[in-house]
Amino acid sequence: MQIYCTLGGVSEDCHYIIGPYPGSSNVLVGGCGSGSGFKVAPAIGKVLAEMASESQVSIDVSFFSFERFLRR
């Protein structure tokens, strides 16, 4: 497992990106909080842990998937 942290970042639509990275079966992303991520970090961590362990995901984060950029 590798974890990367950056000083900040914003997605095109200014929302989080949470979920699998397209084309990679073993890469999960939880970020682009633009400085506000600390408030929801526990929930993002929980969801990513559930995804990594292939458990039932307890919070619907489909709105935050990379897929929203691929549909454009």
Selection from region 43-66 of residues under 10 Å from residue 17 (Cα atoms) and either free of Cβ contacts under 8 Å to residues at least 24 places away in the same chain or small (Gly, Ala, Ser) (or both) yields 62, 65
Of 14, 32, the only residue that is exposed (fewer than 10 other Cβ atoms within 10 Å of the Cβ) and in contact with a Cys (Cβ under 9 Å, 6 or more places away or on another chain) is 14
When residues of region 58-72 are limited to those that are exposed (fewer than 15 other Cβ atoms within 10 Å of the Cβ) and among the charged types (D, E, K, R), the one farthest from residue 10 (Cα to Cα): 60
Counted residues, region 44-72 - those being part of a helix (DSSP H, G or I) and modelled with pLDDT of 90 or more: 12
Considering residues of region 30-43 that are assigned to a loop (DSSP other than H, G, I, E, B) and touching a Gly at 6+ places or on another chain (Cβ under 7 Å) only, the residue nearest to residue 12 (Cα to Cα): 32
Restricted to region 17-29, and to residues that are touching a residue at least 40 places away in the same chain (Cβ under 8 Å) and not in a loop (DSSP other than H, G, I, E, B), which residue is surrounded by the most Cβ atoms within 10 Å (Cβ to Cβ)? 18
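The values are calculated or read from the model by the stated rules, or taken from the named source; none is laboratory data. Model, not experiment: these values are computed from the prediction. In this analysis, Cβ positions are derived from the backbone assuming ideal geometry, glycine residues included, and neighbour counts consider all displayed protein chains.
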